[in-house]
Amino acid sequence: MASAIEVRGLVKRYASISAVDHIEFTVEAGAVYAFLGPNGAGKTTTTEILEGLRRRTEGHVRVLGLDPWTEGIRLHRRIGVIPQDFRFFEKITPTEAIEYYGSLFGTRPNPTELLGKVDLLDKAHSRFDTLSGGQKQKLGLALALSDNPEVCFLDEPTTGLDPQARRSIWEVIRGLKRDGRTVFLTTHYLEEAEILADQVGIIHHGKIIASGTPGEIIRAHGRAERLVFEAGPALADYLQRTLGCPAEVREGRVEVPLRSNREAAQILTAVDASGIPSNGFFTERDTLEDVFVRLVGPMDEGALKTEATA
Amino acid sequence: MKPARIYADLKVVVRSYLRNPVALFFSLIFPIILISLFGAIFSGGSGGAVPMAVENFDHNSPASVEFLSALNNTSLVQVQMVNYPVSDFSAQLGDNGYSVGLIIPAGFQGGLVNRTPVNLTLFTNPESAAAAGQAEGAVTGVANYFNLRAVCGGGSCAPVVQVPAPKNIGSQVYTYIDYLIPGLIGFSILTSPMFSMVDIASSYRKEGIFRALSLTPLTKAEWLLSRIIWYVLLTFVTASIMIGAGVGLFGAHVEITAGLFAFLVMGPFLFVSLGMLAGTVAKTPESAALIGNIITFPMMFLSGTFFAVSEFPAWLQPVAKVLPLYYVIDGMDQVMLFANTARALFDVAVITVLAAIIFALAVRFFQWRDVE
């Protein structure tokens, strides 16, 4: 598969500070790439360089084979961008905005279809300054799609949306992937990245500290899948003695790392045979969010938002 | 450069504007308020001394100087020395906005000394009856005083200084309101785009609207042109309102000629570009407003908007002539009042060259996207 985005040795310096420090990644055409990182990590700077909105200090960057800075005009006809905190002319309605973009791009987008896609049909004729934050973002998304782009850059497209609206945007993103478009997604919601992304890159202090599929990142940086028993230290001792497995007590629960299905069966049989009381068991694995917090560190946890706190 | 994109952007501008009641009010009602206010303040009857253009062909002889000084002391007229050709004197009075004029002939002092009659030539405009009466009264009164003093001492009281019936001023006489109309049209050509473009340049950058537009095929020149077209349209509307109000409320005399359209197009072209350039130089909306004011305010008052530049102190007149608005207003004076095509052409050439340079600079320096 050809690459839609190629980044090699990308550096962006402001005076003596390196906001982006020699990063490399490739996004295959048709893939959804989630670009994650705490605030100030270099996420937006990188995204803006890819979009042709910001000049890089050094490095090789190609989007659809074009240099975003020097070939921006050609590139912009082939990409769609929804900037963070999208703003537009206050007195213009979503329908008029889509017609405006259509005239600028020389295309004939169907406002009803596009607004339906982003779940904004009921506000088709409301002025921009009367829309809520989430509705404004949806219009930004509809406009990003109005020129039928090959690559979509979605910079935090679901920030500030309620869970239902967020899921409708996820559907749009899945639809983009089904249409064969490449999606470059930055988000604060790790659950969103885990659900939607084929590839994930985590940037921290200007460097990419993890990349791969969500599963690969979890395997490489997270703790292995484990059996968890609602039981006390006696069970951990028993399992260590009888099976020699590294059972440990964490937060009042007994956790046993799993290496194979057969081992799982042996552990469950042993627990049953031990006669030690247990209030049941379940399996647990790290999520992308667990890995993110571990990699980025407790100092930056404030930058992380979860759906529960949004 | 694609007309379709300019048209699409223009539609957005027009819609935004028409849906903003405050902006609409200021564009449509403000011109009427301005005309009414200034018209009422300055056109409401004379009351004071009437400016009188005086040409002294007696080469400042002591007697003629004394005569003019006495004339000034009446407080009915205010003597202003001019130097017009005799053959064209009455037309020149009209062109320069005088409603009364006086010629003191050569040999004035000699006549007084030798007691031979000398004829003063008084020009008045029948349309300005009050000013004409005031001037005639002043001149006749001072002449009588001179006659009494010069002659009656010898026993004979034959008058020496004679004031025949005044001659009519040949061409149109202009009142304050006539000058006010081009001045106020110039005022709105300056202020409306300057204040709004300076604000737009900084606020669109801050809000990320320029960034969003930079991701479309719309070019900076197309974007600026659509604003220029909008302000040209707006200028046509406000100019029509001002002329209508001036004529309707105060009986102004102005000519609507093809030449006027050149100024109504090139004026907004110049100031939309200048506003954009000023807003581009500024880093924040606050400094943008400050820079806009620094550029706009001197022009507002020193370019002949409310008062003719020719009435400014001599040292201030060259200052007016470096301000771009001076050429817009002077040009409109020429086409609307004086039918002076040559000077109007010069003015429009100055504005066009300036507008082209400033437009190019604005397009060059204003940034859609962040270089840093």
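The values are calculated or read from the model by the stated rules, or taken from the named source; none is laboratory data. Everything numeric here is computed off the predicted structure, so don't read it as measured data. Methodologically, a virtual Cβ is constructed for each residue, glycine included, from the backbone with ideal geometry; neighbour enumeration extends over all protein chains shown.
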Open item on the list: Let me spell it out: the conditions are (1) surrounded by fewer than 17 Cβ atoms within 10 Å (Cβ to Cβ); (2) under 30 Å from B:TYR204 (Cβ atoms); (3) touching a Leu at 6+ places or on another chain (Cβ under 8 Å), and B:PHE312 meets all of them except one. Which number is the exception?
Closed with: (2)
TODO: Filter the stretch A:176-225 down to residues that are in a loop (DSSP other than H, G, I, E, B) and among the β-branched types (Val, Ile, Thr) and give me whichever is surrounded by the most Cβ atoms within 10 Å (Cβ to Cβ).
DONE: A:THR187
Open item on the list: For the stretch A:35-48, which positions are on the phi > 0 side of the Ramachandran plot and either within 14 Å of chain B (Cβ to nearest Cβ) or surrounded by fewer than 21 Cβ atoms within 10 Å (Cβ to Cβ) (or both)?
Closed with: A:GLY40
Task: Lone unmet requirement of (1) assigned to a helix (DSSP H, G or I); (2) buried (at least 19 other Cβ atoms within 10 Å of the Cβ) for A:PRO149 - done: (1)
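Results for (1) surrounded by fewer than 20 Cβ atoms within 10 Å (Cβ to Cβ); (2) of a type in the set (A, V, I, L, M); (3) assigned by TED's automatic domain parsing to the domain that holds B:SER310, shown as yes or no for each residue.
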site: B:GLN92; (1), (2), (3): no, no, no
site: B:TYR98; (1), (2), (3): no, no, no
site: B:GLY110; (1), (2), (3): yes, no, no
site: B:ARG115; (1), (2), (3): yes, no, no
site: B:VAL118; (1), (2), (3): no, yes, no
site: B:PHE123; (1), (2), (3): no, no, no
Task: Counted residues, the stretch A:11-27 - those being touching a Phe, Trp or Tyr at 6+ places or on another chain (Cβ under 8 Å) and basic (Lys, Arg) - done: 0
- [ ] Determine which single condition A:ILE267 fails, assuming it passes every other condition in (1) closer than 30 Å to A:ASP155 by Cβ; (2) among the β-branched types (Val, Ile, Thr); (3) surrounded by fewer than 23 Cβ atoms within 10 Å (Cβ to Cβ).
- [x] (1)
Task: B:ALA138 vs. criteria over 30 Å from B:ASN340 (Cβ atoms), over 32 Å from the mean Cα position of the chain (by Cα) and in a helix (DSSP H, G or I) - done: no
Open item on the list: Would you confirm, using the coordinates I've provided, whether B:ILE104 is buried (at least 16 other Cβ atoms within 10 Å of the Cβ), β-branched (Val, Ile, Thr) and either closer than 30 Å to B:GLY186 by Cβ or not assigned by TED's automatic domain parsing to the domain that holds B:ALA130 (or both)?
Closed with: no
- [ ] Name every residue in the stretch A:102-135 that is aliphatic (A, V, I, L, M), more than 8 Å from chain B (Cβ to nearest Cβ) and either part of a helix (DSSP H, G or I) or within 19 Å of B:LEU213 (Cα to Cα) (or both), in order of residue number.
- [x] A:LEU114, A:LEU115, A:LEU121
Open item on the list: Of the residues A:GLU51, A:GLU99, A:GLU90, only one is without any contact (Cβ under 8 Å) to a residue 24 or more places away in the chain and either more than 8 Å from every other protein chain (Cβ to nearest Cβ) or of a type in the set (D, E, K, R) (or both); which?
Closed with: A:GLU99
Task: Search result, residues across the stretch A:1-11 that are in contact (Cβ under 8 Å) with a residue 60 or more places away in the chain and β-branched (Val, Ile, Thr) - done: A:ILE5
Open item on the list: Can you say whether A:LYS138 is surrounded by 19 or more Cβ atoms within 10 Å (Cβ to Cβ), away from every other protein chain (no Cβ under 14 Å), part of a helix (DSSP H, G or I) and within 19 Å of the chain's Cα centre (by Cα), as far as the supplied structure shows?
Closed with: yes
Open item on the list: With the requirement that a residue be part of a loop (DSSP other than H, G, I, E, B), within 9 Å of chain B (Cβ to nearest Cβ) and under 16 Å from A:VAL183 (Cβ atoms), what does the stretch A:67-83 give you?
Closed with: A:PRO83
Task: Residues (surrounded by fewer than 24 Cβ atoms within 10 Å (Cβ to Cβ) and touching a residue at least 60 places away in the same chain (Cβ under 8 Å)) located in the stretch B:257-276 - done: B:THR257, B:GLY259, B:LEU260, B:ALA262, B:LEU264
Task: Residue identified as over 30 Å from A:VAL32 (Cα atoms) and either not assigned by TED's automatic domain parsing to the domain that holds A:ASP272 or not aliphatic (A, V, I, L, M) (or both) among A:GLU225, A:GLU191, A:GLU230 - done: A:GLU230
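Residue-wise test of (1) under 19 Å from B:PHE261 (Cα atoms); (2) at pLDDT below 90.
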{"position": "B:LYS283", "(1), (2)": "no, yes"}
{"position": "B:PHE297", "(1), (2)": "no, yes"}
{"position": "B:PRO318", "(1), (2)": "no, yes"}
{"position": "B:ASN340", "(1), (2)": "yes, yes"}
{"position": "B:PHE346", "(1), (2)": "yes, no"}
{"position": "B:VAL350", "(1), (2)": "yes, no"}
{"position": "B:ILE357", "(1), (2)": "no, no"}
- [ ] Would you check if A:LEU258 is under 36 Å from the mean Cα position of the chain (by Cα) and either crowded, with 16+ Cβ neighbours inside 10 Å or modelled with pLDDT of 85 or more (or both)?
- [x] yes
Open item on the list: Suppose we filter B:ALA8, B:ALA53, B:ALA63 for residues that are farther than 19 Å from B:PHE250 by Cβ, of a type in the set (A, V, I, L, M, F, W, C), crowded, with 17+ Cβ neighbours inside 10 Å and within 14 Å of chain A (Cβ to nearest Cβ); which single one remains?
Closed with: B:ALA8
Open item on the list: Suppose we filter B:THR257, B:THR235 for residues that are within 30 Å of B:ALA8 (Cβ to Cβ) and of a type in the set (Ser, Thr, Tyr); which single one remains?
Closed with: B:THR235
- [ ] Report yes if B:PRO313 is of a type outside the set (A, V, I, L, M) and farther than 25 Å from B:MET242 by Cα, otherwise no.
- [x] yes
Open item on the list: Being more than 14 Å from chain A (Cβ to nearest Cβ), in contact with a Pro (Cβ under 6 Å, 6 or more places away or on another chain) and under 30 Å from B:LEU249 (Cα atoms) is the requirement here; does B:GLN78 meet it?
Closed with: yes
TODO: Restricting attention to the stretch B:247-274, report how many residues are in a helix (DSSP H, G or I), within 16 Å of the chain's Cα centre (by Cα) and either aliphatic (A, V, I, L, M) or not assigned by TED's automatic domain parsing to the domain that holds B:LEU345 (or both).
DONE: 2
Open item on the list: I'd like to verify a number: residues in the stretch B:349-372 that are surrounded by fewer than 21 Cβ atoms within 10 Å (Cβ to Cβ) and touching a helix residue (DSSP H, G or I) at 6+ places or on another chain (Cβ under 6 Å), how many?
Closed with: 9
- [ ] Kindly indicate whether B:SER226 is modelled with pLDDT of 95 or more, within 14 Å of chain A (Cβ to nearest Cβ) and part of a helix (DSSP H, G or I).
- [x] yes
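State all residues of the stretch A:12-34 that are free of Cβ contacts under 8 Å to residues at least 24 places away in the same chain, part of a strand (DSSP E or B) and within 14 Å of chain B (Cβ to nearest Cβ); if no residue qualifies, say none.
Of everything in the stretch A:12-34, those that are free of Cβ contacts under 8 Å to residues at least 24 places away in the same chain, part of a strand (DSSP E or B) and within 14 Å of chain B (Cβ to nearest Cβ) turn out to be A:TYR14, A:ILE17.
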Task: the stretch B:142-164, residues that are at pLDDT below 75 and either closer than 30 Å to B:SER36 by Cβ or small (Gly, Ala, Ser) (or both) - done: B:ALA150, B:GLY153, B:GLY154, B:GLY155, B:SER156, B:ALA158
TODO: Can you tell me which residue within the stretch B:176-214, out of those that are surrounded by fewer than 23 Cβ atoms within 10 Å (Cβ to Cβ) and within 14 Å of B:PHE297 (Cα to Cα), is farthest from the chain's Cα centre (by Cα)?
DONE: B:PHE195
